[in-house]
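Student: Sharing a structure, written as structure tokens. Questions coming.
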Number of protein chains: 2
Amino acid sequence: MKFRAEIDVMPLKALLDPQGKAVTGSMKNLGLPEIENVRIGKHITLEIEAASKDAANAKVDEACKKLLANQIMEFYEFEIFEN
Amino acid sequence: MKFRAEIDVMPLKALLDPQGKAVTGSMKNLGLPEIENVRIGKHITLEIEAASKDAANAKVDEACKKLLANQIMEFYEFEIFEN
């Protein structure tokens, strides 16, 4: 069966996010001072062939740990959808 | 009221995503050949002060158009949550 995964990889909440800080500052200059605490990470979509949703889940978790997220600085969350 | 927005900015489906292609290739080397068609974009979270959910929606849409997404190469989607 074919599944689709939607993965978010974000900087850990305890860490500064300089890119997000810069964007928060730019919001004020653009006339959007209501916007605060911008944090920027990665959104990753992929397709995976697996026997079951649980198997797809395990493979995507492995891919996140091995390649997509740096767990020293980032955390990840994902959802699996049937395609 | 305080709202939280979760924004995804992704490369347009019609465009090549070289970073995603490279990651798809790496999956095979890592023993995950089941994973295909990886696409990589940005995930952005922010907080916004607004009178209503509709007002927050309009502000976040403006922020995406003005700063967060390059609509020539990317599309964006977002959801607003009450904080």
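Student: Could you grab me the full set of residues in the range A:18-33 that are open to solvent by 70 Å² or more (accessible area, probe 1.4 Å) and out of contact with any strand residue (DSSP E or B) (no Cβ under 8 Å at 6 or more places or on another chain)?
Tutor: Filtering the range A:18-33 for residues open to solvent by 70 Å² or more (accessible area, probe 1.4 Å) gives A:18-19, A:21, A:28-29, A:33.
The answer is A:P18, A:K28, A:N29, A:P33.
Student: Another one. Taking the conditions exactly as written (part of a helix (DSSP H, G or I) and in contact with a Leu (Cβ under 6 Å, 6 or more places away or on another chain)), does B:A63 satisfy them or not? Even if it seems obvious, please write down each step before you answer.
Tutor: On the way: part of a helix (DSSP H, G or I): yes; in contact with a Leu (Cβ under 6 Å, 6 or more places away or on another chain): yes.
For B:A63, the condition - part of a helix (DSSP H, G or I) and in contact with a Leu (Cβ under 6 Å, 6 or more places away or on another chain) - is met.
Student: I'd like the residue in the range A:58-77 that is open to solvent by 50 Å² or more (accessible area, probe 1.4 Å) and closer than 22 Å to B:M10 by Cβ and, out of all such residues, is farthest from the other protein chains (Cβ to nearest Cβ).
Tutor: A:N70
Conditions tested, residue by residue: (1) facing chain A (nearest Cβ under 8 Å); (2) open to solvent by 60 Å² or more (accessible area, probe 1.4 Å); (3) touching a residue at least 40 places away in the same chain (Cβ under 8 Å); (4) not hydrophobic (A, V, I, L, M, F, W, C).
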site: B:R4; (1), (2), (3), (4): no, yes, yes, yes
site: B:L16; (1), (2), (3), (4): no, yes, no, no
site: B:I35; (1), (2), (3), (4): yes, no, no, no
site: B:I40; (1), (2), (3), (4): yes, no, no, no
site: B:E47; (1), (2), (3), (4): yes, no, yes, yes
site: B:S52; (1), (2), (3), (4): no, no, yes, yes
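The values are calculated or read from the model by the stated rules, or taken from the named source; none is laboratory data. Everything numeric in this text was worked out from a predicted model, so none of it was measured. Note that we place each Cβ from the backbone using ideal geometry, even for glycine, and neighbour counts take in every protein chain shown. Note: accessible area is taken over every heavy atom of the protein model, side chains too, but ligands, DNA and RNA are not part of it. Shrake-Rupley method; radii C 1.70, N 1.55, O 1.52, S 1.80 Å.
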